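As structure tokens, the structure follows; a few thoughts come after it.
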Amino acid sequence: MRILVQKFGGSSVADLECMKKVRGKVLAAREEGFDKIVVVLSARAGQTNSLLERAYQWSDEPDLAELDVLLTTGEQESVALFAMLLQDAGVKARSILGFQIPIVTDDAFGSARIDAIDASRLHELFESYDVLVMAGFQGRTPDMRLTTLGRGGSDTSAVAIAAALGEGTRCDIYTDVDGVYTTDPRMCKAAHKMDRISYDEMLEMASMGAKVLQIRSVEIAEKYNVPVRVRSTFSNDPGTLLTKEDEMMESVLVSGIAFDKDQARITLCDVQDRPGTAASIFNPLGEAGVVVDMIIQTASRNGVTDMGFTVSRKDVKRSIAVLEKSGYDVSRIESASNVAKVSVVGVGMRNHSGVSGRCFDALYKAGINLIMISTSEVKISCLIDEADLELAVNVLHKEFEL
Ligand code: ADP
Ligand code: ASP
Ligand code: MG
């Protein structure tokens, strides 16, 4: 039996016209010879955001578990409407929600991780249905509370269900661009689509802010060897295939430029320069669930230094509250949200030197100031003024001849 998983994002299911295009893709896959299809859907474009906004009108600090009950309705709406469309075309189809499968997660409401998926219910349902329309982004805890998987989580639902359906099940992620590009095509006109990208590169691009796939979905794809293809609902382009790294890929120095606008900078001025300082700053933040990204410490002067780091913009208030509560010995705490991170990504960098020099030089020649820098063996990230972001992406795209 040939099974295919097709995932459609928010812009693909935005309205009736779009959903009819999605139906066309499902019918085409049936014609191509797939016996059974799992269609994973996101909430209609903008729906998750408007539900979130509404929650914050009702409550200053909505209960995270209730927030998840609310957010899962977005995907529930999509699957019900789409199942109706398929039925009208004579397809044996029904909707299925995360808890009905079940997709069992931990209880980290808002960013839950999948612990287990039992695909036997799907196999059972395939005896009566040809297409199962599954709600993305959602699961349930072992004690039956609804959870969501974090923004962009429907990608992860789709790849995880493909893995659970068994070795070799293909997963096509349909979105509003033709595939994975060398950088966000909305930010740089010269960006071009890649036919293939390695799991590692995609993971790095996603981690550095490329929203085209959720990070977790790439991790699962790599771990379970799921053949994932990113493609467009609105064209017939074959898209981009995620694959294992091969020799050809290693010869490519830089594969893409990613960026992340969700960065805010916090600086602790005049902290004591002695062993244990960093631990006493970052441990309480970690305990409070704040993810710290880049860190910089200035040279010591008269026994004090400045410690700067970045967090997600939504975590600024909370981070400062945690730091103030820990009674830290600093002259002041500053914060700024007008920053962004731009990253040069490529597995080929492992064996080459000089990439960081070229990156800094290109940014310097464009008059862009670097606030922080961090590197790994496959990426170089620079924190810059958000106003310089578009220029930086374009300059780096050109510098590395992408
Ligand atoms: P969906 O709603 O289908 O999940 P997303 O908005 O989550 O779609 O992801 C698709 C978007 O990702 C594109 O519209 C594009 O602007 C953005 N994007 C960012 N970086 C890249 C990249 N390197 N390649 C392709 N798209 C990218
Ligand atoms: N609807 C959810 C979101 O907007 C999940 C998804 O679309 O992948 O984040
Ligand atoms: Mg998405």
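The values are calculated or read from the model by the stated rules, or taken from the named source; none is laboratory data. Computed from a predicted structure; not experimentally measured. Glycine gets a Cβ as well: all are built from the backbone with ideal geometry, and neighbour counts include every protein chain shown. Note: areas computed on protein heavy atoms with side chains; ligands, DNA, RNA excluded. Shrake-Rupley method; radii C 1.70, N 1.55, O 1.52, S 1.80 Å.
Couple of notes before you dig in:
- If R0 is 41 Å, the Cβ-Cβ spacing of residue 60 and residue 391 corresponds to a FRET efficiency of close to 0.60.
- Partner lysines whose Cα lies under 25 Å from the Cα of residue 398, excluding those fewer than 8 positions away in the same chain, are identified as 189, 193, 211, 261, 341, 365, 379.
- Legend: calculated FRET efficiency, residue 273 to residue 373, from the Cβ-Cβ distance at R0 = 25 Å, rounded to 0.05, equals 0.75.
- Surface exposure of the range 246-402, expressed per residue as accessible area with a 1.4 Å probe, stands at 50 Å².
- Pair-distance profile P(r), taking every C-alpha pair of the range 1-78, with 5 angstrom steps and integer %: 3, 15, 21, 17, 14, 11, 8, 6, 3, 2, 0
- Residue ranking by accessible heavy-atom surface, 1.4 Å probe, largest first, among 114, 161, 373 comes out as 373, 114, 161.
- Among the GluC sites (Glu not before Pro) found in the range 1-102, those both in a DSSP coil and sparsely packed, with 14 or fewer other Cβ atoms within 10 Å of their Cβ, are 32.
- Shown here: the range 37-97, whose C-alpha atoms stretch 46, 19, 14 Å along the first, second and third principal axes, sorted largest to smallest.
- Whether the range 149-264 is rounded, prolate or oblate, judged on the alpha carbon gyration tensor where a/c under 1.5 counts as rounded: rounded
- Distance between the range 376-391 and the range 17-68 - C-alpha centres, whole angstrom: 31
- For the chain, diffusion coefficient by Stokes-Einstein and Kirkwood Rh (Cα), 37 °C, 0.692 mPa s, µm²/s: 145
- Low-density loop positions, trypsin sites (Lys or Arg not before Pro), the range 36-136 - DSSP coil, at most 16 other Cβ in 10 Å: 92, 113
- Percent antiparallel among DSSP beta bridges (both partners in the range 136-241, rounded to 5): 50
- The spacing between the range 75-128 and the range 263-283, judged by their C-alpha centroids, is 45 Å.
- Label-to-label distance, nm, for residues given as residue 1 and residue 338 (7 Å Cα→Cβ offset): 5.9
- Accessible surface for the range 1-135, divided over its residues, is 47 Å² per residue with a 1.4 Å probe.
- Contact order relative to length of the range 67-207, as percent, for alpha carbon pairs under 8 angstrom and 6 or more apart: 21
- With DNA, RNA and ligands ignored, accessible area of residue 99 (1.4 Å probe; Å², nearest 10): 90
- Think of it as helices only: each DSSP H run of n ≥ 4 in the chain is worth -39500 (n - 2.57), and spread over all residues that comes to -10500 deg cm²/dmol at 222 nm.
- Kyte-Doolittle at least 0.5, axis length at least 18 Å by Cα - qualifying DSSP helices, the chain: 64-88
- Applying a DSSP loop filter and a limit of 14 other Cβ atoms within 10 Å to the trypsin sites (Lys or Arg not before Pro) in the range 159-209 leaves 186, 189.
- Cβ-derived FRET efficiency at R0 25 Å, residue 317 paired with residue 283, nearest 0.05: 0.80
- Rg followed by Dmax, in Å, when the range 230-328 is reduced to its Cα trace: 20.5, 64
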